[in-house]
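**Q** Pasting a structure here, questions to come.
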Amino acid sequence: MVVGNGGAVHLFLVESSRAMLAVLTSVVNNIPILSSTFLLTLLLMVGLFFFIRASVKDRTQQSQLIAEESEQSLLPQLQEYFDQRAYQVAAVDAAQNQVTFQGFVKPSWFLAIFLSLLAGCGGICLALVLSFLYPSAGNVFLVLTLLIAPAAGVFYWKKAGRLEQVSLKVEALPEEGEAERSLITVTAHRDELIQLKRALPVKPRPENARDEMVKTQA
């Protein structure tokens, strides 16, 4: 069958219209998917931001511990323990029987690299979604991600390395039978409290055990 010039033009217009309609339909169908993906990725980045920020949060707590030893035998152990932890005596209050130690807490290389990798992965995900929404600027988003990702590790490194203080107050408790007991009131970072409980033969004061559990879970 021979198609005239008019028929050929008409056929071309029909096929072009169908192709354009197919492209428009594909774009319209993909817009909700891209929008929802962008929203989820944005929420992921918000959560990542607060996670990185929480890595340097001050977690100083106060805990009361009981040791089945007298003050005289307990104080040298505490002094030796904090010397091994590179803490130095910063202040002594003889009237209150209280000692304050001070030491520099070094940041963790592993955590700095880990946070940078997390920020990089999250940034790449966001850059990919933005590149679909704005194809002409796709490379720009990727370059910005590669530049910004190390900032998470730098932020942690600068904030995590700091001087920390540990306040100790040792008091004698009423004797139960022949056993001597001491009450240690410690104000320190949560991780330091955990290490102290592992290193020395102490246990939480019964009435404070529940409160400490709640603080640890928080």
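**Q** For LYS159, project a label point 7 Å along Cα to C-beta. Then give me every residue of region 113-131 with its amide nitrogen under 14 Å of that point.
**A** What the label zone holds, given the 14 Å backbone N cut-off, is 115-116, 119.
**Q** Separate question: Provide the per-residue ³J(HN,Hα) series for region 45-54, in order, calculated from phi with Karplus coefficients 6.51, -1.76, 1.60 and θ = phi - 60°, each as a whole number of Hz, with x at glycine and proline positions.
**A** With the stated coefficients, region 45-54 comes to 5, 5, x, 5, 4, 5, 5, 5, 5, 5 Hz.
**Q** Long-range amide H contacts for ALA172: which residues qualify at under 5 Å (H placed 1.01 Å from N, peptide plane, sequence gap of 5 or more or a different chain)?
**A** LEU183
**Q** When the Karplus curve 6.51 cos²θ - 1.76 cosθ + 1.60 is applied with θ = phi - 60°, which whole-Hz ³J(HN,Hα) does each residue of region 81-94 get, with x for Gly and Pro?
**A** Once θ is set to phi - 60°, the couplings for region 81-94 become 4, 6, 5, 5, 8, 6, 9, 10, 5, 9, 7, 10, 10, 5 Hz.
**Q** Here is a further query. For an R0 of 25 angstrom, estimate the FRET efficiency from the Cβ-Cβ distance between ASN97 and HIS189 and round to the nearest 0.05. Walk me through the numbers before you get to the answer.
**A** On the way: r = 22 Å, r/R0 = 0.89.
The formula returns an efficiency of 0.65 here.
**Q** Along Cα→Cβ, 7 Å out, is where each label goes; now give me the distance between the ones at PHE50 and GLU68 in nm to one decimal.
**A** Going by the 7 Å Cα→Cβ label model, 4.4 nm.
Readers should treat all values here as calculations from the given coordinates under stated rules, not as data from a laboratory. Only a predicted model underlies this, so the values are computations on that prediction, with no experimental measurement involved. Methodologically, a virtual Cβ is constructed for each residue, glycine included, from the backbone with ideal geometry; neighbour enumeration extends over all protein chains shown.
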